[in-house]
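Report on the following structure.
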Amino acid sequence: MSDLRLSNQGDRVGPAKTAPEPQPRVTLVRDGQRVNHAKNAEGFLAAPQHQKMHDKRLWDLRQKRDGQMHQIPEWEELRELASAIKEHTLAHLDEYLVQFERNARANGVHVHWAKDAEEHNRIVHGILRYHGAKSLVKSKSMLTDECGFREYMAQVGIEIVETDLGERIQQLDDEEPSHIVVPAVHKLATDVAKVFAEKLGSDPNDADIYHLAETQRDTTRPKILSADAGMTGCNFAVAETGGITVCTNEGNADLSMNVPKLHIASVGIEKVIPKIEHLGVFVRMLSRSAVGSPITQYTSHVRGPREGGQMHIVLVDNGRSARLKEEQFWRSLKCIRCGACMNTCPVYRRSGGLSYGATYSGPIGLIIDPTINRHKYSELPFASSLNGSCTNVCPVKINIHEQIAAWRKVMAENHELPFAKKAAMQAAGALLAQPALYRTAIATADAALNTLPRFAVYNSLNAWGKGRENPHAPRKTFHAWYKKTRGRK
Ligand code: SF4
């Protein structure tokens, strides 16, 4: 699902009166290196205009989601049903995929299977080459981002134009999406004005959101009309009919799939659902969970090629069947990419999506990313307070915070903890194993908390002190209180 979210920059704004805060940037790490989420987040945390806007905007979406949820008395039953349908489908995934393929072929669609990102890119390139296509318009698809599709196509000389507003902003700015539904949500309107001025020649001082949207429309429409091929992702693939459903708020996917004669859809194998009647469950929950609206502006059902055209579906595995075998993490495949877990997460809202250094950010990213590259994303499962809010809002009832905790254990068992964390955990383990020593240490720490000079905690060597205040130590420990009031009974 994709969503027009320039309006997330706040109210309509005219020319900036004061110098706008520059957009904080994250330096991506090379393969083989660990992503340091805390370090990456420093720039965003130090940019108050961006940080405040981001936090507020996403919390807004969370509240709108709550409002929609309260209007549906059977919401919890819907969640149960959605979860059960997904779990059943995943348990019989092979059968439903074969059924989907058979019915899609019967509808006149060419179906391909890609075991990984590289094969996906090669297949799509092969289709484009066969048709002599040199330009491709594309609607937002996290799967193609996961496959590094744009980079691949740039190397083989095929021009790709993203048609989703947020995704186009990110493409022009050479950044990954920072959110799975609202890709440019971390940008102020002034940031977008700067990008459009540099790449599209518009007025850098005009940060009016309507003018920016017009610039996008004026510069993208001609490319859609003249493109050789169109590409979309897919929200749901219905085994019973062989059709796919694509949900957007801008109608850009409909243009991408209907204007050019050649339509290619990239579909993750976990997107399949058994029957058309199941769509009602998911469509009712997707937009409500994502942006707090009852339905997306466009919910398009496609079964075959347009008249005189050709349609291809590429079914992509890219690690999904391996994850399906993982007892602790297979339920993450139920995800319908609504982004609700990101909107509610206090860490995500404050740190911004790019600080995760991965295609998927926020709570669901903490589970998916280590399945893609365990070492590179080994620190990500620690970017969570484990408060469980993500699990509570998830429309398909993924036990997100439990899976994050499970990943921490896996990282510790596989010696993937950074040195400082490992040393701290070992010290805590030794302390907790000796009750008498622990009590003495706690009593000393309480006294120290009240008397320590600030620089002892708030210095450049102590990451904990950044953005946190020490709690006030209680006058008495719980243990001392218990001993005094209950201990003698
Ligand atoms: S894990 Fe759940 S809440 Fe998060 S994006 Fe997926 S479906 Fe939405």
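The values are calculated or read from the model by the stated rules, or taken from the named source; none is laboratory data. Small disclaimer: the values here were computed from a predicted structure and weren't measured. Note that each Cβ is placed from the backbone with ideal geometry, even for glycine, and that neighbours are counted across all protein chains shown. Only protein heavy atoms, including side chains, enter the accessible area calculation; ligands, DNA and RNA are left aside. Shrake-Rupley method; radii C 1.70, N 1.55, O 1.52, S 1.80 Å.
Considering only region 185-208, I want to know if a residue exists there that is within 26 Å of GLY362 (Cβ to Cβ) and within 16 Å of the ligand (Cβ to nearest atom).
yes
Is at least one residue of region 60-76 within 30 Å of PRO22 (Cα to Cα) and either open to solvent by 50 Å² or more (accessible area, probe 1.4 Å) or not in a helix (DSSP H, G or I) (or both)? Steps first, please.
Start the filter on region 60-76 by keeping residues that are within 30 Å of PRO22 (Cα to Cα), which leaves 60-64.
In the following step, the residues that additionally are either open to solvent by 50 Å² or more (accessible area, probe 1.4 Å) or not in a helix (DSSP H, G or I) (or both) were identified as 63-64.
Looking for residues that are within 30 Å of PRO22 (Cα to Cα) and either open to solvent by 50 Å² or more (accessible area, probe 1.4 Å) or not in a helix (DSSP H, G or I) (or both), one finds at least one in region 60-76, hence yes.
If I ask for residues that are closer than 16 Å to ILE180 by Cβ and open to solvent by 10 Å² or more (accessible area, probe 1.4 Å), which ones from region 227-241 would you list? Spell out how you get there, then give the answer.
Taking region 227-241 and keeping what is closer than 16 Å to ILE180 by Cβ, we get 232-236.
Correct list: CYS234, ASN235.
Among the residues of region 156-167, is any of a type in the set (S, T, N, Q) and either in a helix (DSSP H, G or I) or open to solvent by 20 Å² or more (accessible area, probe 1.4 Å) (or both)?
No; the residues of region 156-167 include none that is of a type in the set (S, T, N, Q) and either in a helix (DSSP H, G or I) or open to solvent by 20 Å² or more (accessible area, probe 1.4 Å) (or both).
Working only within region 169-212, note down all residues that are of a type in the set (Gly, Ala, Ser), within 24 Å of the chain's Cα centre (by Cα) and not in a loop (DSSP other than H, G, I, E, B). Step through it out loud before you land on a result.
Initially, region 169-212 is screened for residues of a type in the set (Gly, Ala, Ser), giving 178, 184, 189, 193, 197, 201-202, 207.
If we keep only those that are within 24 Å of the chain's Cα centre (by Cα) as well, we get 178, 184, 189.
Hit for region 169-212 is ALA189, nothing else.
Which of the residues spanning region 107-131 are open to solvent by 40 Å² or more (accessible area, probe 1.4 Å) and over 13 Å from MET311 (Cβ atoms)?
TRP113, LYS115, ASP116, GLU118, GLU119, ARG122, ARG129, TYR130
Please state which one of SER293, SER321 is open to solvent by 20 Å² or more (accessible area, probe 1.4 Å) and within 21 Å of HIS179 (Cα to Cα). It would help to see each step written out before you state the result.
Values: SER321 fails: within 21 Å of HIS179 (Cα to Cα).
Result of the check over SER293, SER321: SER293.
Which ones in region 406-434 are open to solvent by less than 40 Å² (accessible area, probe 1.4 Å) and closer than 17 Å to SER332 by Cα?
Matches in region 406-434: ALA406, TRP407, VAL410.
Go through the residues of region 130-141 one by one and say whether even a single one is assigned to a helix (DSSP H, G or I) and in contact with a Leu (Cβ under 7 Å, 6 or more places away or on another chain). Lay out the reasoning, then the answer.
As a first pass, look at region 130-141 and keep what is assigned to a helix (DSSP H, G or I): 130.
Filter once more, keeping what is in contact with a Leu (Cβ under 7 Å, 6 or more places away or on another chain): none.
Within region 130-141, none of the residues are assigned to a helix (DSSP H, G or I) and in contact with a Leu (Cβ under 7 Å, 6 or more places away or on another chain).
Looking at GLY388, GLY352, which one is closer than 25 Å to GLY43 by Cα and in contact with a helix residue (DSSP H, G or I) (Cβ under 7 Å, 6 or more places away or on another chain)? Steps first, please.
Values: GLY388 fails: closer than 25 Å to GLY43 by Cα.
Sole residue among the options that is closer than 25 Å to GLY43 by Cα and in contact with a helix residue (DSSP H, G or I) (Cβ under 7 Å, 6 or more places away or on another chain): GLY352.
Can you tell me which residues in region 451-472 are within 41 Å of the chain's Cα centre (by Cα) and open to solvent by 70 Å² or more (accessible area, probe 1.4 Å)?
Scanning region 451-472 gives LEU452, ARG454, PHE455, SER460, LEU461, TRP464, LYS466, GLY467, ARG468, GLU469, PRO471, HIS472.
Of all residues in region 328-365, count the ones that are more than 10 Å from the ligand (Cβ to nearest atom), within 11 Å of ILE400 (Cα to Cα) and open to solvent by less than 20 Å² (accessible area, probe 1.4 Å).
1
Being assigned to a helix (DSSP H, G or I), within 28 Å of the chain's Cα centre (by Cα) and not hydrophobic (A, V, I, L, M, F, W, C) is the filter here; which residues of region 218-239 pass it?
First, pick out the residues of region 218-239 that are assigned to a helix (DSSP H, G or I): 218-226.
Going one step further and asking which of them are within 28 Å of the chain's Cα centre (by Cα), we end up with 219-221, 223-224.
Across region 218-239, the qualifying residues are THR219, THR220, ARG221, LYS223.
Please go through region 36-59 and pick out each residue that is open to solvent by 40 Å² or more (accessible area, probe 1.4 Å) and either under 30 Å from LYS421 (Cα atoms) or not in a helix (DSSP H, G or I) (or both). Steps first, answer last, please.
Residues of region 36-59 open to solvent by 40 Å² or more (accessible area, probe 1.4 Å): 36, 38-39, 42, 45-46, 48-49, 52, 56, 59.
ASN36, ALA38, LYS39, GLU42, LEU45, ALA46, PRO48, LYS52 - these are the residues of region 36-59 that are open to solvent by 40 Å² or more (accessible area, probe 1.4 Å) and either under 30 Å from LYS421 (Cα atoms) or not in a helix (DSSP H, G or I) (or both).
Only one of ARG475, ARG439 is more than 30 Å from LEU58 (Cα to Cα) and loosely packed, with under 12 Cβ neighbours inside 10 Å; which? Spell out the reasoning first.
Numbers: ARG439 fails: loosely packed, with under 12 Cβ neighbours inside 10 Å.
Answer to the selection: ARG475.
Out of region 392-420, which residues are in contact with a helix residue (DSSP H, G or I) (Cβ under 7 Å, 6 or more places away or on another chain) and more than 16 Å from the ligand (Cβ to nearest atom)?
ARG408, MET411, LEU417
Would you point out the residue of region 373-385, among those that are touching an Asp or Glu at 6+ places or on another chain (Cβ under 9 Å) and open to solvent by 10 Å² or more (accessible area, probe 1.4 Å), that is nearest to the ligand (Cβ to nearest atom)?
TYR377
If I go through region 242-258 residue by residue, how many of them are of a type outside the set (Val, Ile, Thr) and farther than 20 Å from PRO183 by Cα?
Narrowing region 242-258 to residues of a type outside the set (Val, Ile, Thr): 242-243, 247, 249-258.
Remaining after also requiring farther than 20 Å from PRO183 by Cα: 242-243, 257-258.
Number of matching residues: 4.
Within the set of pairs 6 or more residues apart or between chains, which connect a residue that is in the same structural domain as GLY353 (by TED's automatic domain parsing) inside region 27-50 to a residue that is in a helix (DSSP H, G or I) and open to solvent by 60 Å² or more (accessible area, probe 1.4 Å) with Cβ atoms less than 9 Å apart?
Listed by first residue and then by second, the contacts come to ALA38/ALA463; LYS39/ALA463; ALA41/ARG350; PHE44/ARG350; LEU45/ARG350.
Filter region 286-323 down to the residues that are within 16 Å of GLY268 (Cβ to Cβ) and more than 16 Å from the ligand (Cβ to nearest atom) and list them by number. Steps first, please.
In the first step, residues of region 286-323 are kept if they are within 16 Å of GLY268 (Cβ to Cβ); the result is 286, 312-323.
Hits for region 286-323 are HIS312, ILE313, VAL314, LEU315, VAL316, ASP317, ASN318, GLY319, SER321, ALA322.
Which numbered condition trips up ASN470, out of (1) part of a helix (DSSP H, G or I); (2) more than 30 Å from ALA290 (Cβ to Cβ); (3) polar (S, T, N, Q)?
ASN470 satisfies all of (1) part of a helix (DSSP H, G or I); (2) more than 30 Å from ALA290 (Cβ to Cβ); (3) polar (S, T, N, Q) except (1).
Report yes if PRO370 is within 26 Å of THR89 (Cβ to Cβ), within 12 Å of the ligand (Cβ to nearest atom) and open to solvent by less than 30 Å² (accessible area, probe 1.4 Å), otherwise no. Write out each step before concluding.
Working: within 26 Å of THR89 (Cβ to Cβ): yes; within 12 Å of the ligand (Cβ to nearest atom): no; open to solvent by less than 30 Å² (accessible area, probe 1.4 Å): yes.
No, not satisfied.
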